[in-house]
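Engineer: Structure below; questions to follow.
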Amino acid sequence: MSLAIEDYALIGDLHSAALVGTDGSIDWLCLPRFDSEACFAALLGEDRHGHWRIGPADGSGRVRRRYLPDSLVLETEFSVDSGTARVVDCMPPREADADPVLVRMVEGISGRVDLLMTLGASFEYGSAQPRIQRLGGGHRIMAGSQALWLFGPVHVRKAQGIATAAFSVSEGARVPFALVWRNSLQNAPEPPIVPAMIDHTARWWRRWVAALTYQGEWREAVTRSLITIKALTYAPSGGAIAAPTTSLPQQASGYRNWDYRYCWLRDAAATIRVLLRSGAPGEAAALLDWMTRAVAGPPSGVQDLYGVGGERLLPEIELDWLPGYEGAQPVRIGNAATAEPALDAFGEVLTARLAVRMAGLTGSRNPWDAGEVLDLLESRWREPDAGIWEARGLRRQFVHSKIMVWAAADAAVKMIERFGDPGPAERWRKLRAEVKADVLARGYDIEAATFVQAYERPGPDASLLRVAGSGFLPPGDERLRGTASAIARDLDRGGVLLRHGQGPGDSLDGMPPADGGYLPATFWLAQCLAGMGRDADARQVFARLLELRNDVGLLSEEYDPLRRRLAGNYPLNASHVALAETAVALDAAGDQVPVRLLTGEA
């Protein structure tokens with residue numbers, strides 16, 4: 001049986017990340033990068049598809065876990081009748097030329113505890129069973145081009161590609177394990193010094209957190225979210241992935257199973273603004289630099305998402321040998337959303353660039369010739385597109401997409417006016433005015449007193465909550481109030497919001513509707529309410545969302561109110577960005593300071 005998604009915690013080294021279950025099993029890990037082939041894929045199948053478990057020998061006992069304060073070092077305590085043992089897990093932040101290393105320290109806390117270690121790596125997403133050899137001071141686990149090296153002081157037995165070890169710890173005892181990834185052509189690495197690596201990892205994260213500036217009412221929750229955002233950032237390029245997982249379903253046993261190990265432009269833009277407001281300007285500048293490199297070239301070739309290094313080709317493939325999380329099929333790697341036209345991408349890039357410049361950071365390059373991108377927007381903004389939800393069906397005139405074109409023009413005008421950028425200011429102003437007039441005439445339903453999802457498709461859409469922070473209309477505008485009220489009324493499912501309406505014949509992509517509520521959208525509602533002066537309502541929504549975090553403060557993409565479980569890929573960068581955004585908005589509302597989410601202006 002699969003663990004619930006919320007039963008996993010995250011560790012990572014800023015190149016990749018692993019998920020550690022409450023049973024002490026690492027069931028997901030891709031090496032050497034976030035989007036590499038998984039060597040542990042039990043999350044999407046069974047133990048035979050790859051895992052590394054350390055826990056009580058009989059599988060019993062009570063479990064308590066936590067992160068060391070202000071760090072990504074995980075402690076899991078197992079208490080059985082005979083005593084208590086602790087497993088400390090981390091991945092030391094990796095330098096560019098260093099080997100990926102995962103370290104685990106077993107500590108005796110009280111009494112005596114019998115434990116069992118099983119390591120069943122299976123490379124290439126669980127399809128390649130390795131050979132295990134004892135070499136030198138460790139064991140080499142090898143298949144094809146990849147090898148893992150296991151180091152530890154216990155006696156290891158080998159059978160059918162699985163390494164096992166039974167051992168005991170008493171109070172004060174420490175048993176270190178380390179797993180090192182290398183290309184199979186390379187020689188054996190030096191055995192890692194596990195205690196020193198754990199100490200180094202904890203100190204590294206505490207130094208990083210100490211430089212953050214958020215000191216508001218929700219410091220614990222925001223700090224944990226910022227650590228998670230940082231952990232999902234690929235250090236060599238600065239790109240921030242959506243999540244470290246693929247194919248965790250948005251609905252039980254459903255078909256909406258996508259690969260999120262890539263970088264979306266809209267996520268990157270929101271992440272940049274949060275990093276700027278939280279005292280991480282270096283990370284914000286690096287992410288903008290990744291964005292600038294990724295979209296470089298003709299504006300007509302812009303995509304919604306890219307690889308962690310800016311890669312454009314992310315072909316979508318189904319892995320039929322993996323049964324999927326709780327049987328959800330298919331399991332996908334790659335993402336075909338790269339083929340969708342991305343009308344809102346220009347707004348995301350230009351508003352992010354404006355936010356960085358408003359923060360006083362230099363070196364922000366314009367990825368396109370201003371006249372070339374303006375030519376494209378002038379010719380295309382009236383066309384339908386796939387929208388923020390990347391609908392794989394009929395293109396529509398999505399209101400959110402239009403408003404993001406307006407935001408692109410608005411950002412361009414501001415950079416010309418405030419920073420003296422070269423460019424046709426009057427043409428940008430004309431485009432801005434034309435888009436706004438068109439949206440107000442065709443995208444607003446006067447009778448229903450709300451903005452609609454698309455010109456040809458009335459009904460609520462949670463993306464419209466972002467209008468309040470765009471500057472398109474003042475936050476207190478009655479049209480925005482009516483839109484927020486309609487969305488809160490029509491899209492609510494047990495305290496969380498659906499992305500959009502899901503009535504009969506209402507599918508955007510021909511797939512069955514998702515069952516869960518989209519957590520970022522529910523945070524957007526709280527932000528919107530705060531901007532309208534409804535502070536008590538905003539706090540109530542925010543408090544409910546904080547309760548949905550798991551025991552170590554993590555959130556996924558969705559929440560299933562029927563099963564009362566997290567759903568979708570996990571942990572989701574956008575959920576943690578939205579949490580931090582909302583805390584800032586509520587702090588500002590308490591101080592009666594208006595917040596501009598898109599431009600970073602106050």
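The values are calculated or read from the model by the stated rules, or taken from the named source; none is laboratory data. Bear in mind the structure is a predicted one, so any value in this text is a computation, not a measurement. Neighbour counts are summed over all protein chains in view; Cβ atoms, including those assigned to glycine, are modelled from backbone coordinates with ideal geometry. The accessibility values were calculated without ligands, DNA or RNA, using every heavy atom of the protein model including side chains. Shrake-Rupley method; radii C 1.70, N 1.55, O 1.52, S 1.80 Å.
Engineer: Any idea how far apart residue 159 and residue 419 come out in nm if each label point goes 7 Å out from Cα toward Cβ?
Structural biologist: 6.4 nm
Engineer: Placing unit charges on C-beta atoms (Lys and Arg positive, Asp and Glu negative, everything else neutral), compute the dipole magnitude of the chain about its Cα centre in debye, rounded to 20.
Structural biologist: 720 debye
Engineer: Would you please classify the overall shape of the range 317-452 from the alpha carbon gyration tensor, given that a ≥ b ≥ c denote the square roots of the eigenvalues, rounded means a/c under 1.5, and beyond that prolate means a/b larger than b/c while oblate covers the rest?
Structural biologist: Cα axes put the range 317-452 in the oblate bin.
Engineer: Whenever you get a sec, compute what percent of the accessible area on the chain sits on carbon and sulfur atoms (1.4 Å probe).
Structural biologist: Carbon plus sulfur share of accessible area: 50 percent.
Engineer: Is the range 176-330 best put as rounded, prolate or oblate by its Cα gyration tensor, with a ≥ b ≥ c the root eigenvalues, rounded for a/c under 1.5, and otherwise prolate when a/b is larger than b/c, oblate when not?
Structural biologist: Taking the square roots of the gyration eigenvalues as a ≥ b ≥ c, the range 176-330 is rounded.
Engineer: Further question: Within the range 188-208, find all residues whose amide N lies under 16 Å from a label point positioned 7 Å from the Cα of residue 135 along Cα-to-beta-carbon.
Structural biologist: Within reach of a label on residue 135, which here means backbone N under 16 Å from a point 7 Å along Cα→Cβ, the range 188-208 contributes 188-192.
Engineer: In straight Cα distance, which lysines are under 21 Å from residue 414, not counting same-chain residues fewer than 8 positions off?
Structural biologist: Partners found: 402, 430, 436.
Engineer: Still on this structure: I need the phi-derived Karplus couplings for the range 269-276: 6.51 cos²θ - 1.76 cosθ + 1.60, θ = phi - 60°, integer Hz, Gly and Pro marked x.
Structural biologist: 4, 5, 5, 4, 5, 5, 4, 4
Engineer: Rounded if a/c is under 1.5, else prolate if a/b beats b/c, else oblate: with a ≥ b ≥ c from the C-alpha gyration tensor eigenvalues square-rooted, which is the chain?
Structural biologist: Prolate, since a/c reaches 1.5 and a/b exceeds b/c.
Engineer: Now for a different question. Residue 210 versus residue 296, label points 7 Å from Cα toward the beta carbon: distance in nm?
Structural biologist: 3.6 nm
Engineer: I've got another one for you. Fully extended, how many nm does the chain gain between residue 252 and residue 312 (0.36 nm per residue separation, minus their Cα-Cα distance)?
Structural biologist: Net length gain for the segment: 18.5 nm.
Engineer: Need one number: nm distance between label points at residue 116 and residue 442, each 7 Å from Cα along Cα→Cβ, rounded to one decimal.
Structural biologist: 6.5 nm
Engineer: Additional query: Give me the net charge of residue 133's neighbourhood, meaning all other residues with Cβ under 11 Å from the Cβ of residue 133; Lys, Arg count +1, Asp, Glu -1.
Structural biologist: +4
Engineer: Short version: ³J(HN,Hα) in whole Hz for each residue of the range 287-303, in order, from phi by Karplus 6.51 cos²θ - 1.76 cosθ + 1.60 (θ = phi - 60°), x for Gly and Pro, what are they?
Structural biologist: My calculation for the range 287-303 gives 5, 5, 5, 4, 4, 5, 5, 4, 8, 4, x, x, x, 5, x, 5, 10 Hz in order.
Engineer: Using a probe radius of 1.4 Å on heavy atoms only, what accessible surface per residue do you get for the chain? Whole Å² is fine.
Structural biologist: For the chain, the per-residue accessible area is 36 Å².
Engineer: Okay, moving on. Test of understanding: what is the full-extension gain from residue 95 to residue 48, defined as 0.36 nm times their sequence separation minus their Cα-Cα distance?
Structural biologist: Result for the pair: 13.8 nm of gain on full extension.
Engineer: Please give the length that would be gained between residue 57 and residue 77 if that part of the chain were fully extended, namely 0.36 nm times their separation in residues minus their C-alpha to C-alpha distance (nm, one decimal).
Structural biologist: Full extension from residue 57 to residue 77 adds 5.8 nm.
Engineer: So what are the ³J(HN,Hα) numbers for the range 558-569, from phi and the Karplus equation (6.51, -1.76, 1.60; θ = phi - 60°), rounded to whole Hz, Gly and Pro as x?
Structural biologist: Rounded to whole hertz, the list is 9, 10, 8, x, 6, 8, 6, 9, 5, 9, x, 4.
Engineer: In addition: So, by mean Cβ neighbours within 10 angstrom, what's the order for 486-496, 437-447 with the highest one leading?
Structural biologist: Highest mean packing first, the order is 486-496, 437-447.
Engineer: Let me ask another. Hey, with R₀ at 60 Å, roughly what FRET efficiency would residue 185 and residue 375 work out to, going by the Cβ-Cβ distance, to 0.05?
Structural biologist: So, using R0 = 60 Å, E works out to roughly 0.75.
Engineer: For the peptides 267-277, 571-581, what is the packing order when you average, over each peptide's residues, the other Cβ atoms within 10 Å and list the highest mean first?
Structural biologist: So the order, starting with the most tightly packed, is 571-581, 267-277.
Engineer: Now, a different point. List every residue whose amide H lies under 5 Å from the amide H of residue 553, counting only residues 5 or more places away in sequence or on a different chain, with H placed 1.01 Å from N in the peptide plane.
Structural biologist: Sorted by chain and number, the residues that satisfy this come to none at all.
Engineer: Helix 425-442: angle to the longest alpha-carbon principal axis of the chain, degrees 0 to 90, nearest 10?
Structural biologist: 90 degrees
Engineer: Where does each of 68-78, 94-104, 312-322 land if you order them by average Cβ count within 10 Å, highest first?
Structural biologist: 68-78, 94-104, 312-322
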